[in-house]
Amino acid sequence: MTCIFCSIARGETHSYIIYEDELNMVFLDIYPVSKGHLLVIPREHYESIHDTPYKLLARTWFLSSILGRIYRVEFDAPGVNIVTNSGGAAGQVIFHFHVHVIPRWGRYGGFWSGRHRLTEDEAREVIDMWRDKTGIIIDALNNI
Ligand SMILES: [Zn+2]
(Lines give C-alpha, C1' and ligand atoms only; values in the text may rest on other atoms or scores of the structure.)
Protein backbone atom coordinates (compact mmCIF):
# COMPACT_ATOMS: atom_id res chain seq x y z
CA MET A 1 0.00 0.00 0.00
CA THR A 2 1.44 3.35 -0.99
CA CYS A 3 1.29 6.32 1.33
CA ILE A 4 0.91 9.69 -0.40
CA PHE A 5 2.76 11.56 2.37
CA CYS A 6 5.70 9.11 2.29
CA SER A 7 5.80 9.67 -1.45
CA ILE A 8 5.83 13.45 -0.88
CA ALA A 9 8.55 13.06 1.79
CA ARG A 10 10.70 11.11 -0.69
CA GLY A 11 10.14 13.78 -3.34
CA GLU A 12 8.34 11.33 -5.65
CA THR A 13 5.02 13.20 -5.53
CA HIS A 14 4.96 16.93 -6.12
CA SER A 15 4.03 19.20 -3.25
CA TYR A 16 4.33 22.90 -2.56
CA ILE A 17 6.99 22.85 0.15
CA ILE A 18 7.10 25.65 2.71
CA TYR A 19 9.81 24.21 4.95
CA GLU A 20 11.73 20.96 5.36
CA ASP A 21 14.55 19.54 7.44
CA GLU A 22 15.85 16.08 8.31
CA LEU A 23 12.82 15.20 10.47
CA ASN A 24 9.83 17.15 9.20
CA MET A 25 8.24 18.61 6.09
CA VAL A 26 5.72 21.41 5.76
CA PHE A 27 3.71 21.71 2.56
CA LEU A 28 0.43 23.14 1.34
CA ASP A 29 -2.82 21.22 1.72
CA ILE A 30 -4.18 20.79 -1.83
CA TYR A 31 -7.70 21.30 -0.45
CA PRO A 32 -7.09 24.33 1.76
CA VAL A 33 -9.71 25.65 4.14
CA SER A 34 -8.07 29.07 4.01
CA LYS A 35 -5.19 30.71 2.18
CA GLY A 36 -2.02 29.32 3.75
CA HIS A 37 -3.44 26.04 5.09
CA LEU A 38 -0.30 24.02 5.91
CA LEU A 39 0.32 20.35 6.65
CA VAL A 40 3.18 19.39 8.95
CA ILE A 41 4.42 15.80 8.79
CA PRO A 42 7.28 13.72 10.12
CA ARG A 43 9.27 12.34 7.16
CA GLU A 44 9.14 8.89 8.71
CA HIS A 45 5.84 7.04 8.46
CA TYR A 46 3.70 6.82 11.58
CA GLU A 47 -0.05 6.52 11.50
CA SER A 48 -1.02 9.13 14.04
CA ILE A 49 -0.35 10.49 17.54
CA HIS A 50 -0.72 7.01 19.07
CA ASP A 51 2.34 5.46 17.43
CA THR A 52 4.66 8.42 16.73
CA PRO A 53 7.68 8.36 19.10
CA TYR A 54 7.42 11.07 21.76
CA LYS A 55 10.41 13.13 20.60
CA LEU A 56 9.20 13.24 17.02
CA LEU A 57 5.66 13.92 18.21
CA ALA A 58 6.89 16.83 20.32
CA ARG A 59 9.01 18.25 17.53
CA THR A 60 6.18 18.01 14.99
CA TRP A 61 3.77 19.81 17.34
CA PHE A 62 6.38 22.40 18.25
CA LEU A 63 7.08 23.09 14.58
CA SER A 64 3.33 23.37 13.98
CA SER A 65 3.07 25.86 16.84
CA ILE A 66 5.95 27.93 15.47
CA LEU A 67 4.15 28.13 12.12
CA GLY A 68 0.92 29.14 13.85
CA ARG A 69 2.78 31.77 15.82
CA ILE A 70 4.35 33.16 12.64
CA TYR A 71 0.85 33.47 11.16
CA ARG A 72 -0.27 35.39 14.26
CA VAL A 73 2.83 37.54 14.83
CA GLU A 74 4.43 38.02 11.40
CA PHE A 75 1.35 37.85 9.16
CA ASP A 76 -1.15 39.37 11.62
CA ALA A 77 -3.67 36.56 11.17
CA PRO A 78 -6.53 37.22 13.61
CA GLY A 79 -6.69 33.49 14.36
CA VAL A 80 -5.13 30.12 13.64
CA ASN A 81 -6.23 26.50 14.12
CA ILE A 82 -3.61 23.83 14.85
CA VAL A 83 -5.26 20.43 14.73
CA THR A 84 -4.75 16.76 14.03
CA ASN A 85 -7.36 14.12 13.24
CA SER A 86 -6.44 10.81 14.86
CA GLY A 87 -8.39 7.81 13.60
CA GLY A 88 -11.09 7.44 10.99
CA ALA A 89 -13.71 8.15 13.63
CA ALA A 90 -12.12 11.60 14.06
CA GLY A 91 -12.05 12.28 10.33
CA GLN A 92 -8.50 11.15 9.57
CA VAL A 93 -8.28 10.43 5.85
CA ILE A 94 -4.54 10.02 5.23
CA PHE A 95 -3.04 7.62 7.72
CA HIS A 96 0.38 9.27 7.99
CA PHE A 97 0.56 11.54 11.03
CA HIS A 98 -0.01 15.18 10.06
CA VAL A 99 -0.93 18.41 11.77
CA HIS A 100 -3.07 21.06 10.05
CA VAL A 101 -2.04 24.68 10.56
CA ILE A 102 -4.92 26.81 9.33
CA PRO A 103 -4.68 30.59 9.46
CA ARG A 104 -7.98 32.42 9.87
CA TRP A 105 -8.07 35.69 8.01
CA GLY A 106 -11.62 36.71 8.70
CA ARG A 107 -14.81 35.79 10.42
CA TYR A 108 -14.99 32.20 11.63
CA GLY A 109 -17.21 30.26 9.27
CA GLY A 110 -17.21 26.70 10.62
CA PHE A 111 -14.18 24.53 10.92
CA TRP A 112 -13.81 23.00 7.45
CA SER A 113 -15.83 25.60 5.54
CA GLY A 114 -14.10 27.31 2.64
CA ARG A 115 -12.36 24.14 1.48
CA HIS A 116 -11.45 24.36 -2.23
CA ARG A 117 -8.94 22.98 -4.73
CA LEU A 118 -5.58 24.74 -4.41
CA THR A 119 -4.70 26.73 -7.53
CA GLU A 120 -1.19 27.31 -8.86
CA ASP A 121 -1.57 31.08 -8.25
CA GLU A 122 -2.64 30.60 -4.63
CA ALA A 123 0.21 28.15 -4.02
CA ARG A 124 2.77 30.59 -5.46
CA GLU A 125 1.39 33.41 -3.33
CA VAL A 126 1.70 31.37 -0.12
CA ILE A 127 5.20 30.17 -1.02
CA ASP A 128 6.22 33.81 -1.60
CA MET A 129 4.74 34.80 1.78
CA TRP A 130 6.88 32.20 3.54
CA ARG A 131 10.06 32.68 1.51
CA ASP A 132 11.94 34.72 4.12
CA LYS A 133 10.54 33.03 7.27
CA THR A 134 12.86 29.99 7.30
CA GLY A 135 15.30 31.75 9.64
CA ILE A 136 12.59 32.34 12.24
CA ILE A 137 11.59 28.66 12.09
CA ILE A 138 15.17 27.43 12.48
CA ASP A 139 15.89 29.87 15.34
CA ALA A 140 12.81 28.66 17.20
CA LEU A 141 13.65 24.98 16.62
CA ASN A 142 17.15 25.61 17.98
CA ASN A 143 15.80 27.34 21.07
CA ILE A 144 14.06 24.42 22.72
ZN1 LIG B 1 3.51 7.59 5.10
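The values are calculated or read from the model by the stated rules, or taken from the named source; none is laboratory data. Bear in mind that the values here come from a model prediction, so they are computed numbers and not experimental data. Glycine gets a Cβ as well: all are built from the backbone with ideal geometry, and neighbour counts include every protein chain shown. With ligands, DNA and RNA removed, areas are computed over all heavy atoms of the protein, side chains included. Shrake-Rupley method; radii C 1.70, N 1.55, O 1.52, S 1.80 Å.
On a 1.4 Å probe surface of the protein chains, which of MET129, MET25 comes out largest in accessible area, and what is the full order?
I get MET129, MET25, largest accessible area first.
Where does region 1-59 land on Rg(C-alpha)/(2.2 N^0.38 Å)?
Normalised Cα radius of gyration, region 1-59: 1.13.
How many nm separate the modelled label positions at ASP21 and LEU118, each set 7 Å beyond the Cα in the direction of the Cβ?
2.1
Can you give me the long-range amide H partners of ARG104? Hydrogens built in the peptide plane at 1.01 Å from N, cutoff under 5 Å, separation of 5 or more residues or another chain.
GLY79, VAL80, ASN81
With each pseudo-label sitting 7 Å past Cα toward Cβ, what's the VAL93-ILE144 distance in nm, one decimal?
It works out to 2.7 nm between the two label points.
Please list 3J(HN,Hα) in residue order for region 94-104, calculated via the Karplus relation 6.51 cos²θ - 1.76 cosθ + 1.60 where θ = phi - 60°; whole Hz, with x for glycine and proline.
9, 8, 9, 2, 8, 10, 8, 10, 10, x, 10
Give me Rg over Rh for the chain, both radii from the alpha carbons and Rh done the Kirkwood way, two decimal places.
Radius of gyration relative to Kirkwood radius: 0.93.
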